[in-house]
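In what follows, a structure is listed as structure tokens, so that the remarks can point back to it.
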Amino acid sequence: MRTLEPDKIEKYGKHYNEPGLWKKIASVARRAGSKVIYPVLLLYYVLQDENTPLKYKAMIVGALGYFILPVDLIPDILPMLGFTDDLAALAACVKALVSSITPEIKEKANRKLSDWF
């Protein structure tokens, strides 16, 4: 499977908008599960952090834009496989930004996740 590297994912940023993100989460959360939604939340909260460098924000917007994108490498409607490419893009971005993921951001993501799951 082709993977999306963090420096190549920025091109998907044009698909990102906050209402679209929440709509996508609401429509796929149960199917995608917490393993997909957790990195989405981590990236969203890092994006909201005023201390996050602009370069990182562009990468995050790209990863979240890819998640929102209705057509991607592996269609989300495929059972078990549908979110594999989304998770790969999100995980690559999280890995690249791990130093920006503070305990407070993890706590926010965990709280939101526990509200839903």
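The values are calculated or read from the model by the stated rules, or taken from the named source; none is laboratory data. Just so we're clear, the structure is a prediction, and the values are computed from it rather than from any experiment. Glycine gets a Cβ as well: all are built from the backbone with ideal geometry, and neighbour counts include every protein chain shown.
Listed by first and then second residue, the pairs with beta-carbon distance under 8 Å, at least 6 apart or on different chains, first residue in the range 18-41 and farther than 17 Å from Thr84 by Cβ, second of a type in the set (Gly, Ala, Ser) and at pLDDT 95 or above, are Leu41/Ala109. Candidates are the residues of the range 88-117 that are within 15 Å of Tyr12 (Cβ to Cβ) and modelled with pLDDT under 90; the one that is surrounded by the fewest Cβ atoms within 10 Å (Cβ to Cβ) is Ala88.
Is the range 61-71 home to any residue that is surrounded by fewer than 18 Cβ atoms within 10 Å (Cβ to Cβ) and either at pLDDT 90 or above or not β-branched (Val, Ile, Thr) (or both)?
Pass one, the range 61-71, residues surrounded by fewer than 18 Cβ atoms within 10 Å (Cβ to Cβ): 70-71.
Imposing the further condition that a residue be either at pLDDT 90 or above or not β-branched (Val, Ile, Thr) (or both) reduces the set to 70.
Yes, there is a match, as at least one residue in the range 61-71 is surrounded by fewer than 18 Cβ atoms within 10 Å (Cβ to Cβ) and either at pLDDT 90 or above or not β-branched (Val, Ile, Thr) (or both).
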